């Protein structure tokens with residue numbers, strides 16, 4: 001029987017997550033993708049993966065809720081006995097209603113939930129497996145560059161999430177699992193630039209002028225998949241998509 005390689009992509013119903021799921025399927029992976037409230041879009045991604053000849057499963061999960069995370073991995077383990085790749089793509093912190101209800105929501109989803117997901121997933125990840133944390137240049141460089149006020153809670157919490165995951169390196173080493181961090185510039189056509197544009201009009205055009213074409217969600221998805229599949233990348237490596245990090249620090 002042919003060996004099955006399996007990936008789990010959080011926030012896989014649209015944007016970067018969907019493109020990552022599709023890219024991994026192109027490389028022969030069966031894919032589990034999570035979504036919070038975009039069931040129809042998630043099923044469209046499943047259908048696209050199925051057309052590629054691979055299998056996919058879409059599962060509803062609010063990753064900030066411990067009971068839903070536990071149920072997620074129960075369902076995953078019933079579908080497949082193992083994981084080879086875990087892509088931590090789902091993040092948030094700019095939705096006003098959620099932040100209004102819980103001012104600490106950005107930290108809950110971008111740090112606490114990421115740690116909980118990894119700890120729940122790790123027993124399923126086979127030796128040689130990869131965990132990919134998806135972040136942004138603003139978050140990766142938090143504390144080193146000027147932040148946009150509207151994005152700062154996200155940047156701060158995603159930076160905290162990245163550092164918390166890096167602190168688990170001994171656990172990853174013990175399991176034979178690598179951690180990779182993928183950081184991207186503003187991504188064309190996604191929700192974050194549109195939200196930031198409201199508070200900083202002209203931001204996107206300035207980035208295009210100074211840095212050239214912005215990466216698309218498809219660019220990001222393909223680069224994330226390539227990173228996850230590259231055995232030459234050492235655990236803890238940072239993969240940069242779009243503008244060089246040094247350009248973000250320029251005066």
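Working value for the chain: equivalent-ellipsoid semi-axes of 28, 19, 19 Å, each the square root of 5 times a Cα gyration tensor eigenvalue, largest first. When the alpha-carbon atoms of region 113-164 are used, the pair Rg, Dmax equals 13.5, 41 angstrom. Taking Cα atoms only, the orientation of helix 39-51 departs from the longest principal axis of the chain by about 60 degrees.
For the chain, the relative contact order comes to 19 percent (Cα pairs under 8 Å, sequence separation of at least 6). Counted by neighbouring Cβ atoms within 10 Å, the residues 216, 210 run from fewest to most as 210, 216. With axes computed from alpha carbons, what is the tilt in degrees of helix 152-166 against the longest principal axis of the chain, rounded to the nearest 10 within 0 to 90? Approximately 40 degrees, to the nearest ten.
Relative to one another, the C-alpha centroids of region 110-130 and region 4-50 are positioned 18 Å apart.
Net length available on complete extension from residue 235 to residue 213 is 5.0 nm, with 0.36 nm assigned per residue and the Cα-Cα distance removed.
Note on region 1-56: Cα-only Rg and Dmax are 10.4, 36 Å. Each of 173, 30, 97 was scored by other Cβ atoms within 10 Å of its Cβ. Arranged with the fewest first, they read 97, 173, 30. Give me the orientation-averaged projected area of the Cα convex hull of region 4-104, in nm², one decimal. Computed as one quarter of the Cα hull surface, the answer is 6.4 nm².
Only the coordinates and a few stated rules stand behind these numbers; no lab work does. None of the values given here were measured: they were computed from a predicted structure. Note: ideal-geometry Cβ built from the backbone for every residue, glycine included; neighbour counts use all protein chains shown.
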